[in-house]
Amino acid sequence: MIEQAARIKVAIQKSGRLTDRSLELLERCGLKYTRGRDQLIGYGENMPVDVLLVRDDDIPGLVRDDVCDLGVVGMNVLEERRLQFQAEGVSEPFRVVRPLDYGRCHLAFGYPEDGPVRSLAELPGRRIATSYPRIVQDFLRRNAIAAQVVEFSGAVEIAPSLGRADVICDLVSTGATLAANRLREGETILDSQAVLIQTPREVAPAKTEWIARLLQRIDGVMQVRESKYVMMNAPVSALAEIARLLPGADAPTVIPLEGRGDKVAVHVVCRENVFWETLENLKKAGASSLLVLPVEKMLP
Ligand code: ATP
Ligand code: ZN
């Protein structure tokens, strides 16, 4: 039985847009867990890592209060909470340690198609409905715009048609929700994606090593997502041109081919996706027997 104090707690969203990708990330880091009976905690079986499943809004506070050592949350939620903590005099409630490259969206103004406001210049004196009052307030202050912020906890996009606001500021990913509510997308005030946060305070020494291992595994998982292992045969004379064509490649491994002094086998890891165009160009440069393989794990 591993000592409780040595277990790392990671908070992720219980059910929502970030849940599947966050669980997948932890699984790809090698974590196997069993869900508790209440389904709120996933107990790590093979690593001293437990997963707390909570509302995303609670995640910054759980890390700030050291209930959890790590958390995964959208930049939008994090920034809103950071501004709140700042107003309360808390200087560094959490530290962003990794952007995770999923849950992408942006916080943008939405102007009613048939309304009088069409840009920032027309905002003064207007009412803005949003679920992110602090971020919007901060934006208005930095841009010296005097407008009123009306806080909505959900269904922000219907505020103008209810007569409760003149414009909205809400999360957008595809823009379909805005369009469905006859709103035109305006200026973006925050670009968001899921991020990993960590407590800035010292943790038990027993945890430090596993946190470092987890971060290293996350880096590995993020890198292999795009990485490909590329193999081909090539004339020695074309090696320089081939190296130039490979996207985000490390130094290639060049292996002699039995009985062929003029040709070699080239093996290389490309840290970007390899598209058909690249393969066609490599073939034109003289390469043959091209093979592109996914990379399963990587440890730099
Ligand atoms: P909870 O019940 O956990 O409070 P929620 O309703 O606040 O859930 P979701 O709608 O599941 O949250 O969104 C979680 C996060 O997903 C958002 O905070 C944001 O970072 C990200 N996200 C990505 N695309 C979008 C989008 N189109 N609309 C809203 N959030 C998005
Ligand atoms: Zn939420």
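The values are calculated or read from the model by the stated rules, or taken from the named source; none is laboratory data. What you see is a predicted model; the values in this text were computed from it and never measured. Note that each Cβ is placed from the backbone with ideal geometry, even for glycine, and that neighbours are counted across all protein chains shown.
Being out of contact with any Ser or Thr (no Cβ under 7 Å at 6 or more places or on another chain) and more than 9 Å from ligand 1 (Cβ to nearest atom) is the filter here, so list the residues in segment 66-77 that pass it.
Across segment 66-77, the qualifying residues are 67, 68, 70, 71.
Can you confirm whether residue 64 is surrounded by 12 or more Cβ atoms within 10 Å (Cβ to Cβ), more than 19 Å from the chain's Cα centre (by Cα) and either among the charged types (D, E, K, R) or not assigned by TED's automatic domain parsing to the domain that holds residue 208 (or both)?
yes
Using beta carbons and a limit of 9 Å, which pairs, at least six apart or on different chains, have the first residue in segment 13-40 and free of Cβ contacts under 8 Å to residues at least 24 places away in the same chain and not assigned by TED's automatic domain parsing to the domain that holds residue 61 and the second one within 13 Å of ligand 1 (Cβ to nearest atom) and in a helix (DSSP H, G or I)?
none
Among the residues of segment 1-59, count how many are within 16 Å of ligand 2 (Cβ to nearest atom), surrounded by 13 or more Cβ atoms within 10 Å (Cβ to Cβ), among the small types (Gly, Ala, Ser) and not in a strand (DSSP E or B).
2
So if I check each of 182, 134, 217, 142, which one is within 16 Å of ligand 2 (Cβ to nearest atom), at pLDDT 95 or above and of a type in the set (Lys, Arg)?
Answer to the check: 134.
Exactly one of (1) touching a Leu at 6+ places or on another chain (Cβ under 7 Å); (2) free of Cβ contacts under 8 Å to residues at least 12 places away in the same chain is unmet by residue 244. Its number?
(1)
Out of contact with any Cys (no Cβ under 6 Å at 6 or more places or on another chain), within 19 Å of residue 171 (Cβ to Cβ), within 16 Å of ligand 1 (Cβ to nearest atom) and assigned by TED's automatic domain parsing to the domain that holds residue 172, is that true of residue 133?
Numbers: out of contact with any Cys (no Cβ under 6 Å at 6 or more places or on another chain): yes; within 19 Å of residue 171 (Cβ to Cβ): yes; within 16 Å of ligand 1 (Cβ to nearest atom): yes; assigned by TED's automatic domain parsing to the domain that holds residue 172: yes.
The answer is yes for residue 133.
Just the residues that are surrounded by fewer than 21 Cβ atoms within 10 Å (Cβ to Cβ) and within 10 Å of ligand 1 (Cβ to nearest atom), please, taken from segment 80-111.
102, 104, 105, 106
Got at least one residue in segment 114-125 being within 16 Å of ligand 1 (Cβ to nearest atom) and either at pLDDT 95 or above or touching a His at 6+ places or on another chain (Cβ under 9 Å) (or both)? Explain how you work it out, then say what you get.
Taking segment 114-125 as the starting set, the residues that turn out to be within 16 Å of ligand 1 (Cβ to nearest atom) are none.
Within segment 114-125 (the criterion being within 16 Å of ligand 1 (Cβ to nearest atom) and either at pLDDT 95 or above or touching a His at 6+ places or on another chain (Cβ under 9 Å) (or both)), the answer is no, since none of the residues qualifies.
Would you check which residues across segment 56-105 are among the aromatic types (Phe, Trp, Tyr) and in contact (Cβ under 8 Å) with a residue 40 or more places away in the chain and list them?
94, 102
Determine, yes or no, whether residue 97 is farther than 18 Å from residue 16 by Cβ and part of a strand (DSSP E or B).
The answer is yes for residue 97.
Looking at residue 66 and the list (1) more than 16 Å from ligand 2 (Cβ to nearest atom); (2) over 30 Å from residue 141 (Cα atoms); (3) in a strand (DSSP E or B), which single condition is not satisfied?
The number of the failed condition is (3).
Can you say whether residue 31 is within 16 Å of ligand 1 (Cβ to nearest atom) and either closer than 24 Å to residue 209 by Cβ or of a type outside the set (Ser, Thr, Tyr) (or both), as far as the supplied structure shows?
Taking the combined requirement at face value, the residue does not satisfy it.
Does any residue of segment 253-272 turn out to be part of a helix (DSSP H, G or I), of a type in the set (Val, Ile, Thr) and crowded, with 16+ Cβ neighbours inside 10 Å?
Taking every residue of segment 253-272 in turn, none turns out to be part of a helix (DSSP H, G or I), of a type in the set (Val, Ile, Thr) and crowded, with 16+ Cβ neighbours inside 10 Å.
Within segment 207-221, does at least one residue satisfy the condition of being closer than 15 Å to residue 297 by Cβ, in the same structural domain as residue 91 (by TED's automatic domain parsing) and touching a Gly at 6+ places or on another chain (Cβ under 8 Å)?
Yes, there is a match, as at least one residue in segment 207-221 is closer than 15 Å to residue 297 by Cβ, in the same structural domain as residue 91 (by TED's automatic domain parsing) and touching a Gly at 6+ places or on another chain (Cβ under 8 Å).
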